Amino acid sequence: MKKLVQALVLGTLILAGAAPQAAATEVAVVDITYIIKNHGRYKQLRATITNQVKEIEASLRAQFKTLTEERKKLEQYRQGTAEYRKHERKVAQMYSDLQVQRTIKRREIADEDAQRLLQAYKEIASVITSVAERFKLGLVVNFDSSKLDPLNQKQLSTIFRRFVIFQNKRDITKHVLEELTRRYQSASRTSATRR
């Protein structure tokens, strides 16, 4: 009986919390999309990509215009003649080359964009880690702080992908954006000094 009582007391102590408990984890949120839209460096990267796309599109338009002119020249020849077939092959080859070139350029831009986005994410994640450590946070969760527009079907279709439904003043977005800005300005001054 004495052993049974000892076992019950021991079990009660364990269940009552005599065992060590983990410390509570401080949680905060950060809006990475907001940071990317509002940080000077990332605005500059987006502008660079946009300009590259515009340049490539202009070049492709000019080449398509040349292709259209070559197609019109095809009307000068009588169908079935050797000259017609020769010119038809030339036009077909031009069109094929243009399609391949367009596909390759789009892929190159998409790859560059993905690499830039990955680099931006790594930089932002590094700053988030730094800010989280400074505030002694155990977990930082990405969230979307934008207001839902009831008339925007595209935005509404993403509503269930929002992982944070509620947060109460534990948003470190401003701190992360400020730190990124400080680092960017410091790097800009350093590179300007080296020139």
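Each reported figure results from applying straightforward, stated rules to the coordinates on display, with no laboratory input. Given the structure is predicted, the values throughout are model-derived calculations rather than measurements. We place every Cβ from the backbone using ideal geometry, glycine too, and count neighbours over all the protein chains shown.
Side notes on the structure shown:
- Positive-end residue, the range 22-194 charge dipole about Cα centroid, Cβ charges, pick of 104, 120, 132: 104
- Projection of the Cα convex hull of the range 22-194, averaged over all directions and equal to a quarter of that hull's surface, yields 17.5 nm².
- Ordered by the count of other Cβ atoms within 10 Å of each Cβ, fewest first, 124, 109, 104, 32 give 104, 109, 32, 124.
- For the residue pairs 37/65; 147/169; 122/154, alpha carbon separations beyond 26 Å are given by 37/65; 122/154.
- Applied to the range 69-85, the Karplus parametrisation 6.51 cos²θ - 1.76 cosθ + 1.60 on θ = phi - 60° returns per-residue 3J(HN,Hα) values of 5, 5, 5, 5, 5, 4, 5, 6, 9, 7, 4, x, 7, 5, 4, 4, 4 Hz, with x for Gly and Pro.
- Near the amide H of residue 31, within less than 5 Å, lie the amide hydrogens of 143, 173, all on another chain or at least 5 residues away, with H placed in the peptide plane.
- The range 22-194: relative contact order as a whole-number percent, Cα under 8 Å and 6+ apart: 45 percent
- From phi via Karplus (6.51, -1.76, 1.60), per-residue ³J(HN,Hα) for the range 89-98 in Hz, x at Gly/Pro: 5, 4, 5, 4, 5, 4, 5, 4, 4, 5
- Integer Hz, Karplus 6.51/-1.76/1.60 couplings in order for the range 54-62, x for Gly and Pro: 4, 4, 5, 4, 5, 4, 5, 4, 5
- From least to most packed, judged by other beta carbons within 10 angstrom and beginning with the fewest, 45, 60 follow the order 60, 45.
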